[in-house]
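Asks: There's a structure below that I have some questions on.
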Amino acid sequence: MSFELPALPYDAKALEPHLTRAVVQQRHGELQRACVARLNRLVAGTPWAECSLEAILLGAEGALAQQAAQAWALTFHWHSLAPRPGTLPDPLAAAIGTAFGDLEGLRCALEEAAAEFSEGGWVWLVAQGEARELAVVTTADGELPLAPGVIPLLAHYVAPEAEEAAAGLAAFWALANWRFATTNLMGSAAPSRPSIPQGSARRPMPR
């Protein structure tokens, strides 16, 4: 058996005009598909071949761990966006107010974090500690914010090209899936385990 490319949680054109169908198809159909293919090559003939993606994330090392992290991050990224984000739920609004003052404060924190990258990477909104205080953190490709007590809420992919990175951040802000973030914030996931729509790693992870 092998890992499959997870299906998008919406149509490829559903994020327009903020993210075009071409960008979504390139990132999902090319970048993520290639990532899954590399993951399958790395696990072939190893004890990891029948393990879930989550098990690899928590137990593997080196190139395999990095490839699994990138595959997981890309799936989480798609669920971090929504064609119709809706209003900000009260629990998340309160947490944002405590950590950043208001939504504009969060946006400034995201922009500052994204500006650190010159070759692409990830910016995450996370909850930390028993109080689940919000913070913005960054990781390189192949890394996840999975320190004990840290729960990812949303993920933003920073493109390596400066112009595309700026447009991508504006798109993320317009499409941020506040309901998904709130579900993660209010959930009971173990601190060291990533929070993502559940499902077998052998098939697309459903919502």
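The values are calculated or read from the model by the stated rules, or taken from the named source; none is laboratory data. Because the structure is a prediction, the values reported are computed rather than measured. FYI the Cβ positions are ideal-geometry reconstructions off the backbone, even for glycines, and counts take in every protein chain you see. Areas reflect the complete protein model, heavy atoms only, side chains present, ligands, DNA and RNA absent. Shrake-Rupley method; radii C 1.70, N 1.55, O 1.52, S 1.80 Å.
Asks: Hey, rough spin-label estimate for Glu112 and Glu54, points 7 angstrom out along Cα→Cβ, what's it come to in nanometres?
Replies: For the pair Glu112/Glu54, the computed spacing is 3.4 nm.
Asks: Which value, in debye to the nearest 20, gives the size of the charge dipole of the chain about its Cα centre, when Lys and Arg are +1 and Asp and Glu are -1 at the Cβ?
Replies: In total the dipole reaches around 840 debye.
Asks: Can you tell me the relative contact order of segment 14-74? Whole percent, Cα pairs under 8 Å, sequence separation 6 or more.
Replies: 32
Asks: Next up: Quick check: with the 1.4 Å probe, what order do Glu143, Glu116 take by accessible area, largest first?
Replies: Glu116, Glu143
Asks: If you fit an axis through the alpha-carbon atoms of helix 162-175 and take the longest principal axis of the Cα set of the chain, what angle between them do you get, 0 to 90°, nearest 10?
Replies: That helix lies at roughly 70 degrees to the long axis.
Asks: Over the chain, what is the relative contact order in percent, taking alpha-carbon pairs closer than 8 angstrom and at least six residues apart?
Replies: 26
Asks: Ordered by residue, what ³J(HN,Hα) values in Hz, to whole numbers, does segment 69-84 give under the Karplus form 6.51 cos²θ - 1.76 cosθ + 1.60, where θ = phi - 60° and Gly and Pro are x?
Replies: 5, 5, 5, 5, 4, 5, 5, 4, 4, 5, 6, 6, 10, 8, x, 10
Asks: If you work out Rg and Dmax of the Cα atoms in Å from the coordinates, which of (i) 16.3, 51; (ii) 18.6, 55; (iii) 17.5, 63 do you get?
Replies: (i)
Asks: Between Ala131 and Ala63, with labels modelled 7 Å along Cα→Cβ, what's the label distance in nm to one decimal, could you check?
Replies: About 4.4 nm, to one decimal.
Asks: What FRET efficiency comes out for the pair Asp11/Thr98, r = Cβ-Cβ distance, R0 = 41 Å, nearest 0.05?
Replies: Values: r = 36 Å, r/R0 = 0.88.
With a Förster radius of 41 Å, E is 0.70.
Asks: Helix 33-43 sits at what angle to the longest principal axis of the chain, using alpha carbons and giving 0 to 90 degrees rounded to 10?
Replies: It works out to around 50 degrees.
Asks: Out of segment 1-99, which trypsin sites (Lys or Arg not before Pro) are coil in DSSP terms and have no more than 16 other C-beta atoms within 10 Å?
Replies: Loop-located and lightly packed - Lys13.
Asks: Could you do me a favour and compute the accessible area per residue for segment 35-135, 1.4 Å probe, result in Å²?
Replies: 47
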